[in-house]
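Notes to accompany the following structure.
The values are calculated or read from the model by the stated rules, or taken from the named source; none is laboratory data. Note that this is a predicted model, so its numbers are computed, not measured. Here the Cβ is made from the backbone with ideal geometry for all residues, glycine too, and neighbour counts use every protein chain on show. These accessible areas exclude ligands, DNA and RNA; they are computed on the full protein's heavy atoms, side chains included. Shrake-Rupley method; radii C 1.70, N 1.55, O 1.52, S 1.80 Å.
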Amino acid sequence: MAGTGIVIDRRYLDHHTGAGHPERPERIAVLLPLIEAAADLIRVPPRPASGDELALVHDGGYVEEVAETEHKPWFAFDADTPTSPGSYAAARLAAGGFLALLDAIMSGAVRNGFAFVRPPGHHAERHRAMGFCLFNNVAVGAEYLRRRHGLQRVLIVDWDVHHGNGTQHLFESDPGVLYVSTHQYPFYPGTGAIDEVGYNDGEGYTVNLAFPAGFGDAEYREAFQKIVEPIARQYEPQFVLISAGFDAHLRDPLAGMQVTESGFAAMAHALLTVACQHCDSRCAAILEGGYDLQAIHNSVQQVLDEFRAGTVPPPPGPASSRGSAVIERIRRVQSRYWRL
Ligand SMILES: [Zn+2]
């Protein structure tokens, strides 16, 4: 069966954020040698997302605002989210690169894949940039799968250490996209409490696993086994998308979690297994945060081993952890909607 598709491109280095900013071009540069050395990975060339594609989830006027930054030597949407003249092109290529990967998976050219892009996307709202994010790449991708490929149930699992406020808000009244997030809480951006479960037709299709600082591999694994995997299976997704940040890593300078490379690989394993069992292995990850270069490099290496394998026997690990009380509170909230 076709292998793993990879999107990565030097043009993702053209988005400059200024000295000292954690979301820096080196985050992609550190991955280029790793990908170039791997002969078995299939490179999927990125393309810029069109205005219509960005408008699947963004307000047209907002897209225009981002476009105008191309002519400004320096601009900042907020204190965290600066742009340089190359930012708009990089952001279009980030969203479009993910769409190219999704097309490659839908056509069967590749089985699954990972898009290593920047700027990241999951904080971007319909009308605004925030939290280092300009366009919400994963949300554009989910909507593209529904509108252009006719899918009806898309699962997004967001294991970035921050809550993906933008992604949640875009789909929280919509049962066609199930949004599941693990994140440190309370923490930036402030959203993602466990009782945020979606509303109207989307009630029950937003799953927030809000964790206190200090959770590591064992806690994440227990949460996946007890909550994420059962919900994902019951939803019967037609495509599994992963907002893959690596800032829950114990080395990360911004957050306070203790996940290791093996922990990320275990999460990838679990989601690839869901994809294998429910949707012909269709699974695509996209880079969100992660600010320690060694942590990103090593985590990506292990996660890609899982993508190459498709599924492998689950890594050994404890089924219980220091997180059981927190996970039980989440289970109680979500058991209104799912068999848990
Ligand atoms: Zn993050």
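What to note about this one:
- Distance between modelled label sites at SER324 and ALA29, nm, 7 Å Cα→Cβ extension: 4.8 nm
- Packing-based order for 71-79, 221-229, using average beta carbon neighbours within 10 Å, highest first: 221-229, 71-79
- Extreme residue, positive dipole direction of region 94-159, given options GLY141, PRO120, ALA94 (C-beta unit charges): GLY141
- Nearest-20 debye value, the chain charge dipole, Cβ charges on Lys, Arg, Asp, Glu: 660 debye
- With protein chains left intact and a 1.4 Å probe, residues in the chain average 35 Å² of accessible area per residue.
- Cα gyration tensor shape of region 21-92, rounded if a/c is under 1.5, else prolate or oblate by comparing a/b with b/c: oblate
- Expressed per residue, the C-alpha convex hull volume of region 73-219 stands at 127 Å³.
- Relative protection proxy for 327-338, 52-63, 254-265, 133-144, from highest mean packing down: 133-144, 254-265, 52-63, 327-338 (other beta-carbon atoms within 10 angstrom).
- Equivalent ellipsoid semi-axes, the chain, via Cα gyration tensor eigenvalues times 5, rooted, Å: 27, 22, 21
- Using just its DSSP H runs of length 4 or more, each adding -39500 (n - 2.57), the chain gives a mean residue ellipticity at 222 nm of -10500 deg cm²/dmol after division by all residues.
- For peptides 11-18, 181-188, sequence by mean Cβ density within 10 Å, most packed first: 181-188, 11-18
- Prolate/oblate/rounded call for region 1-136, Cα gyration tensor, a/c under 1.5 rounded: oblate
- The dipole here belongs to region 114-201: it is taken about the Cα centre, uses +1 on the Cβ of Lys and Arg and -1 on the Cβ of Asp and Glu, and is about 420 debye.
- Residue (of GLY18, GLY190, ALA76) at the positive-pole extreme of the chain, dipole from beta-carbon charges: GLY190
- Cα shape, region 204-281, gyration tensor, a/c 1.5 rule: prolate
- Given +1 at the Cβ of Lys and Arg, -1 at the Cβ of Asp and Glu and no other charges, the dipole of region 138-263 around its Cα centre is 360 debye to the nearest 20.
- The chain: relative contact order as a whole-number percent, Cα under 8 Å and 6+ apart: 17 percent
- With a simple spin-label model that places each label point 7 Å from the Cα along the Cα-to-Cβ direction, the separation between LEU254 and ALA309 comes to 3.0 nm.
- Span from the region 116-130 Cα centroid across to the region 286-300 one, whole angstrom: 17 Å
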